[in-house]
Amino acid sequence: MKIIRQLAFAFASAWQNFWRNLAVSVAAVMSIALILVLAGTSLLLGHALGQVLDSYRHRVSVLTISVADKTPLASVYDFGGQLQARPEVVSVRFITKDEEMRSFASDPRNQQLIEQIEGNPLPAKIEVTVTRLDDIKRIDALARQWRGSDRTDPTDYKGDFISNMVRLSTWLTIGGLGMLAVLTVASVVIVTNTIRTAVYHRRQEIELMKLVGATEWFVRGPFVVEGVMTGVIAASLALGVLLAAYRPFVQRFQAELFFLPLSYDPHFVHVLAQDLLGAGAALGAVGSYVGVRRFVRL
Amino acid sequence: MLAPKFNNRPVISFQRVWKTYPNGTDALRNISFTVPEGDLVFLVGASGAGKSSLVRLLIREEKPTRGRLFVHGQDLGSLRRRHLPHFRRQVGLVFQDFKLLPRMTVHENVAFGLQALGESKRVIALQVGLALETVGLAGMAQNYPNELSGGEQQRVAIARALVHEPPLFIADEPTGNLDPATAWEIMEVFLRINAAGVTVVMATHNREIVDATQRRVLAIERGQIVRDDHYGTYHEDHSAAGFRLR
């Protein structure tokens, strides 16, 4: 019962102090909210970029091998079987010349060209899907060694594009983590200073608490609760701003850059809400603990 | 609330205690004395003699540099930080500047210490009521400190110290900010508390009170106890019954 009463005291005291020093509290909430908006924006951009990259990654993880016209079907199936047996290969699909032609003809943009060509100049194809982008290069080398491949244009492998994409993805991850680290430190410093101001205003009370036999955690509790409260309010504000901006941003992007596969992701909104509220509470707790620790030592 | 309970065990025991500050000043030098349960002791001496350092050691705001200091049988030099709150609850503290929280009512100021212990509202209301009654402020629970006289504010501070029912009271110049008549009223409260069996140690400059009360006097000069009179006066009185350390 005593613990519950002490918790109730910590919450009541934190709430009272938040309103009593409203100017300082509002300044802290706004500063942290701004930082969390920046952090949330970087998470949203990261997620959007991830969506685009995933889509490209899916596309480039498929290697298409052109089959020379005179290659016997038995050799094609034999090579297909060899590829399928490799652990890095997810699937192998043989596309005949006719299927390739039908697919080509189904595109309205190719109508004019279809009327001008005679016969079927398109090669049969083997479509190989691999698990990791890095594996594409190995399959490409195998295809080029295979006698049945079209000598003029054996595969659609785009080496530079893939390696550039992997590099970009790595740098974006590192950059995002670096930015989050900087923003985290800034938030902790802001909360720490806010709580120190509150501690300064209440130094006499703290001194008395210590003299009448309050434990360190009893004195510290209200400040930590206040820090968490500040962090959660700031996170809620930041979340509101980001959610209001997310859908219009995606819609505008879809309208202007229609070729990029970007879409509104409701699942990510839940993840973002959890991350921001968790981060706000954690930043508030850590910042206030650091801010009050030195002053509360008995 | 206050029931006499004497058995003359030493509540306080200083054993060759030294307090040296980082700048090399010896605030206390080789202090030894004991205070039995139920005693009332005046600490007297000029400003800077070492009274405040002694009080700070007694409430474990500081540790002795050398020697050992026991309060309620606990060695304060080796008392762990986590045990400090429990120790402080056994000591009632009263200061010259009252140290009341201006935004809280009299009731809230007195209840403050009990809230820190997580006591229930019912227990707090009962204990605060008794403490305010003991200091004669039963009708002023809802007043704020700035609505009270200096003497009344000091009574609130005494009630706050009393509310835990501590067996030891330490008062640092409790009448220093009060006029002579009010100082006497406050002293009478301390005498009532002491009569109920509570040990009282009071650092004071108030000669009239010390002389009129005729209780034990420890005189400190330059960090040393120079006089320990059992029925003493503020200044050395060769006719007083007691003993001399120097």
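Loop-located trypsin sites (Lys or Arg not before Pro) across the stretch A:66-162 with a Cβ neighbour count of 16 or fewer within 10 Å are A:Lys70, A:Arg132, A:Arg147, A:Arg151, A:Lys158, with loop assigned by DSSP. Remark: the stretch A:66-73, residue by residue, has Karplus-estimated 3J(HN,Hα) of 7, 9, 5, 4, 8, 6, x, 4 Hz, where x stands for each Gly or Pro and the curve is 6.51 cos²θ - 1.76 cosθ + 1.60 at θ = phi - 60°.
Per-residue 3J(HN,Hα) values for the stretch B:148-161, derived from phi via the Karplus relation 6.51 cos²θ - 1.76 cosθ + 1.60 with θ = phi - 60°, read 10, 6, x, x, 5, 5, 5, 5, 4, 4, 5, 4, 4, 6 Hz in sequence order (x marks Gly and Pro). Highest GNM mean-square fluctuation among A:Leu208, A:Leu272, A:Leu239, for chain A modelled with Cα contacts below 10 Å: A:Leu208. Sequence-ordered 3J(HN,Hα) estimates for the stretch B:20-37 from the Karplus curve with 6.51, -1.76 and 1.60 and θ = phi - 60° stand at 10, 7, x, 7, x, 6, 8, 6, 10, 10, 6, 7, 9, 6, 10, 10, x, 4 Hz, glycine and proline given as x. Computed over the alpha carbons of the stretch A:181-243, Rg followed by Dmax gives 14.6, 48 Å.
Start at zero, step by 10 Å, and the Cα-Cα distances of chain A spread as 6, 19, 19, 15, 12, 10, 8, 6, 3, 0, 0 percent across the bins.
GNM remark for chain A: springs join alpha carbons under 10 Å apart, and the peak mean-square fluctuation among A:Gly231, A:Gly119, A:Gly40 falls on A:Gly119.
Under unit Cβ charges (Lys, Arg +1; Asp, Glu -1), what dipole magnitude, rounded to 20 debye, does the stretch A:182-298 have relative to its Cα centre? Don't skip to the end; give the middle numbers.
On the way: 10 positive and 7 negative charges, 95 e Å.
I would put it at about 460 debye.
The GNM of chain A, with springs linking C-alpha atoms under 10 angstrom apart, assigns the highest mean-square fluctuation among A:Gly240, A:Gly278, A:Gly81 to A:Gly81. Note on the stretch A:62-131: semi-axes of the ellipsoid equivalent to its C-alpha gyration tensor, largest first and rounded to whole Å, are 27, 15, 7.
Size descriptors for the stretch B:100-165, from the alpha-carbon set: Rg then Dmax equal 10.5, 30 Å.
Note that the stretch A:201-298, at 37 °C in a medium of 0.692 mPa s, gets a Stokes-Einstein diffusion coefficient of 203 µm²/s from its Kirkwood radius over C-alpha pairs. Taking Lys and Arg as +1 and Asp and Glu as -1, the other residues whose beta-carbon sits under 13 Å from that of A:Gly46 total -3. Size descriptors for chain B, from the alpha-carbon set: Rg then Dmax equal 17.8, 54 Å. Compactness check for the stretch A:104-221: Cα Rg over 2.2 N^0.38 Å is 2.45. DSSP finds beta bridges in the protein assembly as shown, and of those with both partners inside it, around 65 percent are antiparallel. Sort out the exposed loop chymotrypsin sites (Phe, Trp or Tyr not before Pro) in chain A (DSSP loop, at most 10 other Cβ within 10 Å) and tell me the longest stretch that has none. Result for the longest clean stretch: A:1-257.
Taking a straight line from the alpha carbon of A:Lys125, these lysines sit under 30 Å away, with near neighbours fewer than eight places off in the same chain left out: A:Lys70, A:Lys97, A:Lys137, A:Lys158. Only aspartates and glutamates eight or more places from B:Lys121 in sequence, or on another chain, were considered; those with a Cα closer than 15 Å are B:Glu108.
With all pairs of different alpha carbon atoms counted, what Kirkwood hydrodynamic radius in Å does the stretch B:1-121 show? Could you put the intermediate results ahead of the total?
Values: mean 1/r = 0.0607 Å⁻¹.
Every distinct Cα pair counted, the radius reaches 16.5 Å.
Other chains near B:111-117: what is the mean number of their Cβ atoms within 10 Å of each residue's Cβ? Walk me through the intermediate numbers first.
On the way: counts 0, 5, 6, 1, 10, 11, 8.
Mean number of neighbouring Cβ atoms from other chains: 6.
Straight-line cross-link partners of A:Lys210 among the aspartates and glutamates, defined as a Cα under 15 Å from its Cα and at least 8 positions apart when in the same chain: B:Glu61, B:Glu62. When the charge dipole of the stretch A:62-131 is built from unit charges on Cβ atoms (+1 for Lys and Arg, -1 for Asp and Glu) and taken about the Cα centre, the candidate among A:Gln116, A:Phe94, A:Gly80 whose Cα reaches farthest toward its positive end is A:Gly80. By the scheme Lys and Arg +1, Asp and Glu -1, what is the net charge of all other residues having a beta-carbon under 15 Å from that of A:Pro154? Local charge sum for A:Pro154: +2.
For the stretch A:24-172, a Kirkwood radius taken over Cα pairs fed into Stokes-Einstein (10 °C, viscosity 1.306 mPa s) yields D = 86 µm²/s. Once Rh for the protein assembly as shown is found with the Kirkwood sum over Cα pairs, what is the Stokes-Einstein diffusion coefficient at 37 °C and 0.692 mPa s, in µm²/s? For the chosen part, D equals 108 µm²/s. For the stretch B:125-246, the alpha-carbon radius of gyration amounts to 1.17 times the rule-of-thumb value 2.2 N^0.38 Å expected for a compact globular protein.
What does the charge add up to near A:Glu99, with Lys and Arg as +1, Asp and Glu as -1, over the other residues with Cβ less than 13 Å from its Cβ? Here the count lands on +1.
Values quoted throughout were computed directly from the atomic coordinates according to the rules given, and no laboratory measurement underlies them. Quick caveat, the model's predicted, so the values are computed rather than measured. Counting neighbours? That spans all protein chains shown, and the Cβs are built from the backbone with ideal geometry, glycine included.
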